[in-house]
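Each value in this text was obtained by applying a stated rule to the coordinates, not by laboratory testing. Predicted model, so just to flag it, every value in this text is computed and none were measured. Cβ: placed from backbone, ideal geometry, glycine included. Neighbour counts: every protein chain shown.
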Amino acid sequence: MHVPDGFIDTRTALATGTLAAVGLGVALADVRRALPPRRVPLIGLAAAFVFAAQMLNFPVAGGTSGHLIGAVLAAVLLGPGAAVVVMSAVLILQCFMFADGGVTALGANIFNMAIVAPGIGWAAYRLICRTAGETLRSRLFATAFAAWVSTVSAAIACAGELALSGTASWGVVFPAMAGVHMLIGLGEAAITALVVAWVARLRPDLVAVAGGAEARAGYRSLVVWGLLVSVGLALFVGPFACGWPDGLEKVAGALGFESRAAEKPVLAAPLPGYAVPGIGSTALSTIIAGGVGTLVAFGLAFLLARSLAPGGSPRARRPA
C-alpha cells in the first residue's frame, strides 16, 4: 500500500504531510512522557520485525498479494504512541533507503499506515476489550479484528487521497481499494494474532490489562530472540515472497492509473527495490538488502526511542 511518487497531487501531499507531522509529534510527546526506559529496546525490535514482515508478500486472490502492515501489532504490545513512532521509522527507512513509497508521498504513507492504521486499530481493540472482557482469548480476538480494521481503514484513506488528487474517481477507487484490502486484512489479522499469542506465552506482561504494573524483569532475551527471528525472516523467507502486485498496484493496473507513477524516484536510494546494485543473484541481493534493512530499522527506532524515553525511574507509566 506504499503510494509512489506521481499518484497524488501536490495539494494532497502537503495536506497529508501536515497531518502526518502533527500525528507523529503527538506520538513522540506521548512516548517521551510515558515510555518506561526498559521498553526502549522493544521499540527497536518492533521496527525490525515490521520491516522484515513487510518484505514477505503473501498471495491473496486473483493475482494479488498482500503484506503485514504491523500497526496493530505494535500498538497492542507497546501502546498507540509507540506504534506511530515504530511505523513512521519503518516507512521513512523504506522510502529513503529502498525507494519503497515515494518521497513526495511520504506524508500520505505515514498518515495512512502510521497514523490511521494504529489509531483506528487501537480504538477498535480497546472497544472490544472493554466489551468482551480482558481475558487473553478476548484480547486475541480483539487483536485480530483490530488488525483487519486497520488494514481496511488505511486502504480507504489511500483511496480518498487518490480521489482528492483526481487520480481515480471515489465511486470507483473506494470499492476497489476497500474490497481487495478486506481480503488482505484477513492475513494481517491472522499473522498479528499469532504473533501476539506467541509473545503472550513468553512475556504475558506485554499483553496484560491496560494500566497494569510494569514488569520488573527486563526484555533482553525477548529482544535477542525477536531480532534473530526478524533477521531470519528477511534472510531466509524474504527471497521467496510472492511476486504478485500488492493491493494498490493491482487496483492501479485495473483502473488504469499505474502509468502515473514516476519512472524514477525523486531521490536515488542506495538499495532500490530491496536489491543491492552490482549483485547478479536476485536472491542474494534480496537477502543482503533485507538483512541490512532489518538491522538498520532496529537501530533507527531504538536510538529514537532512547532519546525520547524518560530519564527517571523505570517505573514510568505504561501506555494505557
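Here are a few things to note about the model shown:
- Inter-label distance, nm, simple model (7 Å from Cα along the C-beta direction), D9/E134: 4.9 nm
- Karplus-derived HN-Hα couplings along the stretch 111-121 (A = 6.51, B = -1.76, C = 1.60, θ = phi - 60°), whole Hz, x at Gly and Pro: 4, 5, 9, 10, 10, 5, 4, x, x, 6, x
- Distance from the stretch 191-207 to the stretch 138-166 (C-alpha centre basis), Å: 22 Å
- F236, F49, F257 arranged by Cβ crowding within 10 Å, fewest neighbours leading: F236, F257, F49
- Amide H contacts of S65 (H built 1.01 Å from N, under 5 Å, at least 5 apart or other chain): V60, D246, G247
- Counting 0.36 nm for each residue step from M182 to E263 and taking away their Cα separation leaves a gain of 26.2 nm.
- Calculation over all alpha carbon pairs of the chain in 20 angstrom steps from 0 returns a P(r) of 34, 59, 7 percent.
- Note on the chain: GNM, Cα springs under 10 Å; of Y125, Y274, Y219, the largest mean-square fluctuation is that of Y219.
- When the chain is treated as a GNM with alpha-carbon contacts under 10 Å, the residue of G63, G187, G278 showing the greatest mean-square fluctuation is G278.
- In sequence order, calculated HN-Hα J values of the stretch 61-75 (Karplus, 6.51, -1.76, 1.60; Hz; x Gly/Pro): 6, x, x, 10, 10, x, 9, 4, 7, x, 5, 5, 4, 5, 5
- GNM top mover of P80, P277, P59 - the chain, alpha-carbon springs below 10 Å: P277
- The amide H of L35, built 1.01 Å from its N in the peptide plane, has no neighbour under 5 Å, considering only residues 5 or more places off or on other chains.
- Computed from Cα atoms alone, the Kirkwood hydrodynamic radius reported for the stretch 1-88 is 14.7 Å.
- Using the Cβ-Cβ distance between R33 and A197 with R0 = 25 Å, the FRET efficiency computed as 1/(1 + (r/R0)^6) comes to roughly 0.25.
- Projected label distance in nm at A283 and S221, using a 7 Å step from Cα toward the beta-carbon: 3.5 nm
- Here the Karplus relation 6.51 cos²θ - 1.76 cosθ + 1.60, evaluated at θ = phi - 60°, turns the backbone of the stretch 136-145 into coupling constants of 4, 4, 5, 5, 5, 5, 4, 4, 4, 5 Hz, with x for every Gly and Pro.
- Remark: V40, V72, V231 ranked as V231, V40, V72, counting other beta-carbon atoms within 10 Å and listing the fewest first.
- Surrounding net charge for A305, when Lys and Arg each add one and Asp and Glu each subtract one, Cβ distance under 11 Å: +3
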